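Student: Take a look at this one; I'll ask things after.
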Amino acid sequence: MTGPPIRVLGIESSCDETGLAIVELERGAGRATVQGEVLASQVSLHERYGGVVPELASREHMRNMPVLFDELFRKTGLALSDLDAIGVTCGPGLKGCLLIGVTFAQGLQVGSRLPVFPVNHIEGHILSAEMHYPDLTPPYIALIVSGGHTELQLVEGLGRYTCLSRTRDDAAGEAFDKSANLLGLGYPGGAVLAGLADTSAKGERFLLPRIGREMEGFSYSGLKTAVSLLVKKNATILAHDPSARAEMAWVIQDAIIDSLLHKTRKELAVRKLPLVVCGGVSANKELSRRLRAEWKHVYVPPLTHCVDNGAMIAYVAARYQAAGVVPPGLELRSRWPVEELGRFFGVQSG
Ligand code: KG4
Ligand code: ZN
């Protein structure tokens, strides 16, 4: 497939980050270049509540969206008429938040007549690895680890996913954040807990059970209870010995990573394929270190594209446009399993 590159605007607003980006995709070689990207994080808005407040999040997206849009086009010197398509996250995510991105995209569509692709947020995370590693081609296994999702998917092509395993309750990012909260590390404390754990030697004073090893799927709600009990039991040591907190952070990080490794190992033993790790928790250094120690072909996107961003959404839309797919209508899907995409886009085989 040859021709001029495809230039796409991506819009992300599924949770607490407003992200916009323009990505250019070469048709033949499949190389992608991020021409510009802007992001507004809402962490400081939600941290006093200890979690994302959906109503506040959607109002903040509404405020940020037009400002970021202007900033992006000013920075890149491009105009809507320079684009070939728009991609917008339609799910999974918070309904009110998704609605802001979708209505903004619809407005742009009316004014520009550009095709607008509904993008699945999880497919965005998965394909962010292909965006950065042009030598990476399906089939491969993707471990998606974010604040809302923990799953292993077999990736056989654009829109072609088979779920191998997913969490039965909490996500790995949630386990990091809730544990961090119990240790008094603020919200979202995943990265803070990881940073603290990295300052500690192996935590031998504290023990956490390995939960869910034998059951199907990941499970983290039991871990949360175990951490809560451990913190209560050791309240005095934690209050007086700063190294104890770091050691406990180490033990918690170890338990979360151990469960991710255990299920991934089982799948990679059956299918000897490359591994992609994506979603916010893939920013965890110890997780990538342990995965890379065990497997040769591990692909992790750069830090800025591990967490939510507009570039991954633009890239997915560009890939569908390049594949000649006609965009189905925009419809919010707060729950949207990635394995339903084949039917949705009509790309089940080939
Ligand atoms: O993908 P993401 O930005 O948003 C969702 O779609 O959920 O993921 C956010 C999650 C949060 O739970 C955050 O604490 C976690 O990723 N996270 C980390 C690290 N950086 C971000 N968890 C562990 N270690 C990190 N370094
Ligand atoms: Zn995400």
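The values are calculated or read from the model by the stated rules, or taken from the named source; none is laboratory data. What you see is a predicted model; the values in this text were computed from it and never measured. Cβ: placed from backbone, ideal geometry, glycine included. Neighbour counts: every protein chain shown.
Student: Taking the options V155, V145, name whichever one is within 14 Å of ligand 1 (Cβ to nearest atom), assigned by TED's automatic domain parsing to the domain that holds L260 and within 21 Å of H297 (Cβ to Cβ).
Tutor: The unique qualifying residue is V145.
Student: Suppose we keep only residues that are of a type in the set (D, E, K, R) and over 15 Å from the mean Cα position of the chain (by Cα) within region 119-160. Which one would you say is farthest from ligand 2 (Cβ to nearest atom)?
Tutor: Filtering first and then ranking leaves D135.
Student: Of the residues that make up region 56-78, is at least one within 17 Å of the chain's Cα centre (by Cα), more than 14 Å from G10 (Cα to Cα) and within 15 Å of ligand 2 (Cβ to nearest atom)?
Tutor: For region 56-78, residues within 17 Å of the chain's Cα centre (by Cα), more than 14 Å from G10 (Cα to Cα) and within 15 Å of ligand 2 (Cβ to nearest atom): absent.
Student: Can you find a residue in region 303-319 that is touching a helix residue (DSSP H, G or I) at 6+ places or on another chain (Cβ under 7 Å), among the basic types (K, R) and within 23 Å of C15 (Cβ to Cβ)?
Tutor: Yes, region 303-319 has at least one match.
Student: Filter region 150-175 for residues that are closer than 23 Å to F345 by Cα and either aliphatic (A, V, I, L, M) or touching a His at 6+ places or on another chain (Cβ under 8 Å) (or both) and give the result.
Tutor: Residues satisfying the conditions are L152, L154, V155, L158, L164, R166.
Student: Suppose the filter is more than 13 Å from ligand 1 (Cβ to nearest atom) and surrounded by fewer than 17 Cβ atoms within 10 Å (Cβ to Cβ); does E286 pass it?
Tutor: Answer is no for this residue.
Student: Name the single residue, out of those in region 280-315 being in contact with a Gly (Cβ under 7 Å, 6 or more places away or on another chain) and not in a helix (DSSP H, G or I), that is nearest to ligand 2 (Cβ to nearest atom).
Tutor: Result: D308.
Student: Restricting region 11-51 to residues that are in contact with a Leu (Cβ under 7 Å, 6 or more places away or on another chain) and assigned to a loop (DSSP other than H, G, I, E, B), which is surrounded by the most Cβ atoms within 10 Å (Cβ to Cβ)?
Tutor: S13
Student: Let me ask something additional. Report those helices (runs of 4 or more DSSP H) wholly inside region 161-255 carrying at least 2 residues which are surrounded by 18 or more Cβ atoms within 10 Å (Cβ to Cβ), within 16 Å of ligand 2 (Cβ to nearest atom) and charged (D, E, K, R).
Tutor: Ranges flagged: 172-182.
Student: Run down G36, G91 and say which single residue is within 15 Å of ligand 1 (Cβ to nearest atom), in the same structural domain as G310 (by TED's automatic domain parsing), closer than 24 Å to L127 by Cβ and not aliphatic (A, V, I, L, M).
Tutor: One residue alone meets the criteria, G91.
Student: Considering only residues that are in a helix (DSSP H, G or I) and of a type in the set (S, T, Y), look in region 75-106 and name the one that is surrounded by the most Cβ atoms within 10 Å (Cβ to Cβ).
Tutor: Per the stated criteria, the residue is T76.
Student: Within region 138-187, which residues are farther than 25 Å from I313 by Cα and among the polar types (S, T, N, Q)?
Tutor: Answer for region 138-187, where residues must be farther than 25 Å from I313 by Cα and among the polar types (S, T, N, Q): S179, N181.
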